[in-house]
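The structure under discussion appears below in the form of structure tokens.
The values are calculated or read from the model by the stated rules, or taken from the named source; none is laboratory data. If you're wondering where the values come from, they're calculated on a predicted model, not measured in any experiment. Note that each Cβ is placed from the backbone with ideal geometry, even for glycine, and that neighbours are counted across all protein chains shown.
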Amino acid sequence: MSAEVVGHAGKKLSFKDLFLGTIVLILFLDTVSTSSAMGQTSIAWYVILVIIFLIPMGLITAELSSTYPSDGGLYHWIKISLGDDWAARTSWYYWLNIAIWMGSSTCFVMDVFNKILLVTTGIEVSFPVYLGASIALVWVYAFFAMRPLNQATTVTNIGGAFKLIIVGSLIVCAICFLVFNGGQTANDLSPAALVPAPGAIFAFFPALIYNLLGLDAIAAIGGSNIENPKKDLPRNIIISCIVLAFALIVANFCLLAITPLDDIDIINAIPACFTLTFEGPLGIVLYVVVAIMFIVTLVFPGPTWMEAGAKMSIEAAKNNELPKIFASTNKHGSPSWSILLMAIVGSALLIIYGILTTVTDGAADDLFWQLFSFVTVIFTIPYILMPSAFIWLRKHDKTERAYRFPGPQAVPFFFCRLSQALLIFTLIRFFWVPGEEVSIVSDVALGIGVVIGIGLGEVFNVRRKKILKAQAQSEAAEGDDSQQ
């Protein structure tokens, strides 16, 4: 399998580029408020999942990425271990997830912008403007995703730096809040209040797990463009795990320290901390500054995720696992048609959303967003396969490891199976929450989306096998002719 990407000569990713790129990809500040709405126990559950899921998956990714560096990333690891069929499915699921995520991502950006505009000026964006701006933003993502590597790296570095600045600012804000209020927090954050409640985890488990996925993406983006992959990839992934764990846990703690649980606004929670802490014009100014940075952190991961999925699709298309159009690159070496197709799919879904909402006077909103939720289901499936790829390669491939998951072989194997069990539980949770009534409409809508997504992948797989069979017959016929 080729690891070369045309047009990137002369630009190599340093450790700093890898670190900030990883942060912009996987530090989901927009979902911090979602997990905070779970209450104080979200902090304890994050600590637990960091120990039993994030760190083991990080160590697995560190070994795979440094031993088998490739522009295909996760796709490549699955291909050399579990075979072509699962590799083909992985590349398709990854690409489809990002294509559909584009629409929901840009809508969330507009939700945040709309909220900020309403809070600061009292003006609310009309639905046609909201929809048009969301579609335009999809194409802004595509434009930056197709830029040369040095320009794309600048975008990810700024986004990663802003995310870290926001977390740092939130810590300062929480300290000021405690000083101003005599050490009193908005919610009870005593050790007793932080004891994890089993019931809450069922409702919020997918949000917590989703926040901890994606460490592999930087390997797909970097691939052959990393200065020292065997050294920098494992170092970056391990340090990123530590920073990610700290940022998520501390951000949740700060948000709960400042904002009463009943007042947590999923869209506006982080900027609102500054108006809750600082009174008058200072609070408004800080709110606006942090809100602008927050919007930047929501926008900048878009091009990076598009590039990660498109790089994977190039490798798949070269092996007939996706149509050849996915392998097309522009003069910069960027996967142009794969990215353009993502933008077309994202825009089409937003247009459908607009039509459904207009025709039903908003009644179709919940159903449409339920269809969007299948993105997380599709996104999770390849990560269930990754631990199996790790186990197979450990058992059957004797390539010297640049980095090894520490401990006896039974240790990583145990955490591989535990990670798979947690991910499978996440998938089940999308359709059924223990203790809650089953929603037939929501489950059917989600099921339709999943069936369509998986079905298209199987169509591509059948097509690949037909192409390979035709090639084999052609080669056999040529061999017979040469013998005659």
Exercise. Mind checking which residues of region 73-90 are hydroxyl-bearing (S, T, Y) and modelled with pLDDT under 90?
Worked result: Y75, T90
Problem set entry | Single match in F246, F253, F274 (criterion: at pLDDT 90 or above, over 30 Å from T153 (Cβ atoms), under 24 Å from the mean Cα position of the chain (by Cα) and outside any loop (DSSP other than H, G, I, E, B)) | F253
Problem set entry | So S70, is it touching a Leu at 6+ places or on another chain (Cβ under 6 Å), at pLDDT below 90, within 30 Å of K465 (Cα to Cα) and not aromatic (F, W, Y) | no
Exercise. So which residues in region 327-349 are surrounded by fewer than 24 Cβ atoms within 10 Å (Cβ to Cβ), in a helix (DSSP H, G or I) and in contact (Cβ under 8 Å) with a residue 40 or more places away in the chain, if there are any at all?
Worked result: S336, L340, L341, A343, V345, S347, L349
Problem set entry | Residue that is crowded, with 19+ Cβ neighbours inside 10 Å, among the hydrophobic types (A, V, I, L, M, F, W, C), farther than 23 Å from N330 by Cα and touching a Lys or Arg at 6+ places or on another chain (Cβ under 6 Å), where the choices are A62, A87 | A87
For this session: Tell me, please, whether a residue that is modelled with pLDDT under 85, closer than 28 Å to A197 by Cβ and not in a helix (DSSP H, G or I) can be found in region 419-432.
Result: yes
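Residues are listed down the side, and each one gets a yes or a no for (1) farther than 22 Å from T259 by Cα; (2) in contact (Cβ under 8 Å) with a residue 24 or more places away in the chain; (3) touching a Lys or Arg at 6+ places or on another chain (Cβ under 7 Å):
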site: L118; (1), (2), (3): no, no, no
site: F127; (1), (2), (3): yes, yes, no
site: L137; (1), (2), (3): yes, yes, no
site: A145; (1), (2), (3): yes, yes, no
site: G159; (1), (2), (3): yes, yes, no
site: G168; (1), (2), (3): no, no, no
site: I171; (1), (2), (3): no, yes, no
Problem set entry | Exclusive hit being part of a helix (DSSP H, G or I), aliphatic (A, V, I, L, M) and at pLDDT below 85, set L356, L322 | L356
Seminar exercise, completed: When V243 is run through (1) farther than 23 Å from L178 by Cβ; (2) among the hydrophobic types (A, V, I, L, M, F, W, C); (3) loosely packed, with under 15 Cβ neighbours inside 10 Å, the failure sits at (3)
Exercise. Restricting attention to region 277-294, which residues are assigned to a helix (DSSP H, G or I), surrounded by 18 or more Cβ atoms within 10 Å (Cβ to Cβ) and not hydroxyl-bearing (S, T, Y)?
Worked result: L286, V290, A291, M293, F294
Exercise. Just wondering, is there one or more residues in region 67-76 that are in contact with a helix residue (DSSP H, G or I) (Cβ under 7 Å, 6 or more places away or on another chain), β-branched (V, I, T) and assigned to a helix (DSSP H, G or I)?
Worked result: no
For this session: Would you check if there is a residue in region 118-137 being surrounded by 15 or more Cβ atoms within 10 Å (Cβ to Cβ), among the charged types (D, E, K, R) and over 19 Å from S336 (Cα atoms)?
Result: no
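Residue-by-condition table, conditions (1) at pLDDT 75 or above; (2) crowded, with 19+ Cβ neighbours inside 10 Å:
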site: G7; (1), (2): no, no
site: S14; (1), (2): yes, no
site: I23; (1), (2): yes, yes
site: I26; (1), (2): yes, yes
site: D30; (1), (2): yes, yes
site: S35; (1), (2): yes, yes
site: M38; (1), (2): yes, yes
site: S42; (1), (2): yes, yes
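Sort out which residues of region 383-415 are basic (K, R) and part of a helix (DSSP H, G or I), and write them in order of number. First the steps, then the outcome.
From region 383-415, those basic (K, R) are 394-395, 398, 401, 404; that's our starting set.
Listed by number, the residues that qualify are R394, K395.
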For this session: Scan V125, V195, V129 and give me the residue that is outside any helix (DSSP H, G or I) and under 28 Å from F374 (Cβ atoms).
Result: V125
For this session: Output yes when any residue across region 140-160 is in a helix (DSSP H, G or I) and within 21 Å of Y46 (Cβ to Cβ), and no when none is.
Result: yes
For this session: Return only the number of the condition from (1) farther than 24 Å from E279 by Cα; (2) outside any loop (DSSP other than H, G, I, E, B) that V119 does not satisfy.
Result: (1)
